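K.L.:
Sharing a structure below in structure tokens format, with a few things to ask.
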Amino acid sequence: MAIDRLQSITTKELVPQKSLEGEKTLLKNKTGVPSQPSGDEVQISAEARELKENFENLKIQAQVPTDDSQARIESAKQRIASGFYNQDEILEQTADKILKSDHFRAVIQGSIETGSLVTISPDASEVRTEKVHLARSRMAEGYYQRSDIVTVTAEKIIKDLFA
């Protein structure tokens, strides 16, 4: 295929113009003069246009929360604010459900198959002891039990689960 050099016309200077049939688009520069035809043509089938339209509609629908999902989100926020999720029984139930979920098992299985589980090798770079000390002191002070920290963590988990 030969590519003709376009003198000083850039793609920003080309303006799409629909033909009367609506099927083909002619490129005209800003002066209204048609550009040289390249010999290449793209035709999009009616089925492809319909699929694209359906896809765009689904994207719009997915962005609009349903009454049910909005109610569940509000309920979760209220439970977070009230400290409901800080109860040992609830934490154990939540962890148990996560561990038993098919999605979690698939992630772990995939990690095992690809060898991407986090491991510490003898030649690993030095442990960032300052981070370890910070985490330990925060645990001792009860930092991770604070409602604002629990809320942020729970919101991130919920967002990740429903994203």
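Taken together, the values in this text are just the output of simple stated rules run on the coordinates, not laboratory data. As the structure is a computational prediction, the values presented were derived from the model and not from experiment. Cβ atoms come from the backbone with ideal geometry, glycine included; neighbour counts cover every protein chain shown.
K.L.:
Need the full-extension length gain, Ser69 to Ala46, defined as separation in residues times 0.36 nm minus the C-alpha distance. One decimal, nm.
P.N.:
Values: separation 23, 0.36 × 23 = 8.28 nm, distance 3.46 nm.
Residue separation times 0.36 nm, minus the Cα-Cα distance, leaves 4.8 nm.
K.L.:
Could you tell me which of the pairs Lys100/Lys131; Lys131/Lys159; Lys97/Lys156; Lys77/Lys131 are separated by over 20 angstrom between their Cα atoms in the structure shown?
P.N.:
Lys100/Lys131; Lys131/Lys159; Lys77/Lys131
K.L.:
Applying a 10 Å radius around every beta-carbon, put 140-151, 74-85 in order of their mean neighbour count, most first.
P.N.:
Output ranking for 140-151, 74-85: 74-85, 140-151.
K.L.:
Let me ask you something else. So if R0 is 22 Å, what FRET efficiency would Ala106 and Ala62 give, r being the distance between their Cβ atoms, rounded to the nearest 0.05?
P.N.:
That gives a FRET efficiency of 0.50.
K.L.:
I would also like to ask the following. Give me the extension gain from Leu99 to Glu130: residue separation times 0.36 nm, minus the current Cα-Cα distance, reported in nm with one decimal.
P.N.:
8.1 nm
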